[in-house]
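**Q** One structure follows; several queries about it will come next.
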């Protein structure tokens, strides 16, 4: 029986083997998934179907899939429908992988077991053209999962899992190339840590992202110890330098960096910032252009760091909102030309380096600086002394321009532009808008400088400190009506550099609260001007004021508030005088004092005098004082009608009235 069994058993096994060979021959395919093997957790695994046998000559398609994975694994197979595929074991254990090959004649499968063993710290560096997936290897918080031993250059995706700790060796750089991406998604409980192998500022170089992929993200990433060298020849020392189109930065910490936390050189780079923290960075929180200011959120804590804004032209055709950084200030280091709409939010503090000018140039752009009484917008010099920076210019005709509750200090380093003087604010041609509740002090120049007669802005509730070297405001006669009588001028002048009140205007010149007008060149009134009681009008040497054509002057003070026309305070020079050349019955002066004119002949046919009436001019003059003229008190041309009563004349060099 044993002998018979031994004879039958080989025959039976032969039949089985023959049957299997026949099945393979039926389709001519034999899948070969490769040998079983052990790898480290986090070590990329290559799956290769090229050892499979194809007797048909037709070729085959490959498909890889997991039969089983360890509990907790989320590993996936890359290029699963290719002959060569890859995956990265993310937890220790067995990964059973099935290869299926097929063609029109049939299919065959084979399986391979990949056993992943928990590994210690892994070294990475060099160039990577395929995805690099960094997973958490060790639970020991004192041991890094990875050490970057040389510059890590990615032309593929760099994917970093929550909790991964990466240490970087001296002066090494993590670089995401233009065709690479970075996806570093930590969590609040398991942030990603990227720091130096030595715990000191300026030990490794930093991260440089050149990628324009909109999926680039740093989420819950802590970057520290960077800044050993400039990121590039044109970029400063920083923890992160972004030169690609976009990088989302959320809940990140930039600390202990010998340089900036983040730097950007180009205005079109987008870096949406959300709830980040900057601390102990030697040069500041960020070095960016004005193009990135709109991406700063209200929750990011700058811990008294500055946000350095480099000079550039902002012309992106988008609306920009500059928020008030939490515990931070903006610092502008060079000239800015801005053509886009800009809103500055309440509480923002803007510092300016030496001679820096902020120029809002959009012809129809909308510029709104919207402080509040509790949280004004502040413009000041980085060096807190008068004349340390240049100022701002607005050259927009939008009626929506608004500056409310803003403070200006230390401007006036140089003329704002050709044809302008030194001032905190300069207004260009055809500017429109409203300015209210502004404060100016420590200005080596004017608070506001208006050059063109086409500029008309509402100026209300302004406040000027004592330290303005040239005066509160420089303007033309046309703009006087844009002032109010509530602004506090603190003994500063409103300098009126000539101008003409148009014939169609019917305007009021307010009495300045603790201030006076200073006319520095000829002003001519063709329309109707009413001067409020208490107003003081001072005039530089030999300066003339004329009321012409159909012009009307109504200067009616009262017993307690005279209206004064006189020479510049503190000067010994005389002004030319006031010439009224119109026949309007509305011309009237009551409780007015006119003094220290008559420096030279007033107009053709009228010599030295305080007040002159031209041919057929009319004026009613009552309760007034005419004194200290270098010529006559009043000069009348033929046909002039002066109706006067209760006036006082004193100290006039020739006579009180010169009549024809």
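The values are calculated or read from the model by the stated rules, or taken from the named source; none is laboratory data. Being a predicted model, the structure only gives us computed values, none of them experimental. Every residue, glycine as well, gets a Cβ built from its backbone with ideal geometry; the counts of neighbours run over all protein chains shown.
**Q** At pLDDT 95 or above, within 60 Å of the chain's Cα centre (by Cα) and surrounded by 14 or more Cβ atoms within 10 Å (Cβ to Cβ): is that true of residue 85 in this structure? Please lay out each step first, then the result.
**A** On the way: at pLDDT 95 or above: yes; within 60 Å of the chain's Cα centre (by Cα): yes; surrounded by 14 or more Cβ atoms within 10 Å (Cβ to Cβ): yes.
In short, yes.
**Q** Another one. Just give me the residues in region 445-455 being assigned to a strand (DSSP E or B) and in contact with a helix residue (DSSP H, G or I) (Cβ under 6 Å, 6 or more places away or on another chain), in sequence order. Full working, then the answer.
**A** Narrowing region 445-455 to residues assigned to a strand (DSSP E or B): 446-450.
Answer for region 445-455, where residues must be assigned to a strand (DSSP E or B) and in contact with a helix residue (DSSP H, G or I) (Cβ under 6 Å, 6 or more places away or on another chain): just 450.
**Q** Suppose the filter is buried (at least 24 other Cβ atoms within 10 Å of the Cβ), part of a loop (DSSP other than H, G, I, E, B) and in contact (Cβ under 8 Å) with a residue 40 or more places away in the chain; does residue 421 pass it?
**A** When the stated conditions are applied, residue 421 does not pass them.
**Q** So which pairs qualify, if the first residue must be in region 493-522 and in the same structural domain as residue 445 (by the TED database) and closer than 14 Å to residue 475 by Cα, the second must be modelled with pLDDT of 95 or more and buried (at least 20 other Cβ atoms within 10 Å of the Cβ), the Cβ gap must be under 9 Å, and the two must be at least 6 apart or on different chains?
**A** That search, which allows pairs on different chains as well, returns nothing.
**Q** With the requirement that a residue be at pLDDT below 95 and on the phi < 0 side of the Ramachandran plot, what does region 88-101 give you? Give the derivation first.
**A** Quick first cut of region 88-101, residues at pLDDT below 95 only: 88-94.
Passing the criteria: 88, 89, 90, 91, 92, 94.
**Q** Quick one: which residue in 188, 170 is at pLDDT 95 or above and more than 32 Å from the chain's Cα centre (by Cα)?
**A** Just a single option satisfies the conditions, and that option is 170.
**Q** Right, next: Does residue 156 satisfy being within 49 Å of the chain's Cα centre (by Cα), under 28 Å from residue 214 (Cβ atoms) and either surrounded by 18 or more Cβ atoms within 10 Å (Cβ to Cβ) or not assigned by the TED database to the domain that holds residue 220 (or both)?
**A** No: the conditions fail for residue 156.
**Q** Of the conditions (1) under 22 Å from residue 475 (Cβ atoms); (2) touching a strand residue (DSSP E or B) at 6+ places or on another chain (Cβ under 8 Å); (3) modelled with pLDDT under 95, residue 420 clears all except one; give me its number.
**A** Evaluating residue 420 over (1) under 22 Å from residue 475 (Cβ atoms); (2) touching a strand residue (DSSP E or B) at 6+ places or on another chain (Cβ under 8 Å); (3) modelled with pLDDT under 95 leaves (3) as the failure.
**Q** Then there is this: Which of the strands (runs of 3 or more DSSP E) found entirely inside region 24-100 contain at least 2 residues meeting this: touching a residue at least 60 places away in the same chain (Cβ under 8 Å)?
**A** Per the criteria, 37-40, 45-48.
**Q** Take residue 539 and tell me if it is under 41 Å from the mean Cα position of the chain (by Cα), at pLDDT 95 or above, in the same structural domain as residue 593 (by the TED database) and under 19 Å from residue 566 (Cα atoms). Quick ask: steps written out before the conclusion?
**A** Values: under 41 Å from the mean Cα position of the chain (by Cα): no; at pLDDT 95 or above: yes; in the same structural domain as residue 593 (by the TED database): yes; under 19 Å from residue 566 (Cα atoms): yes.
No, not satisfied.
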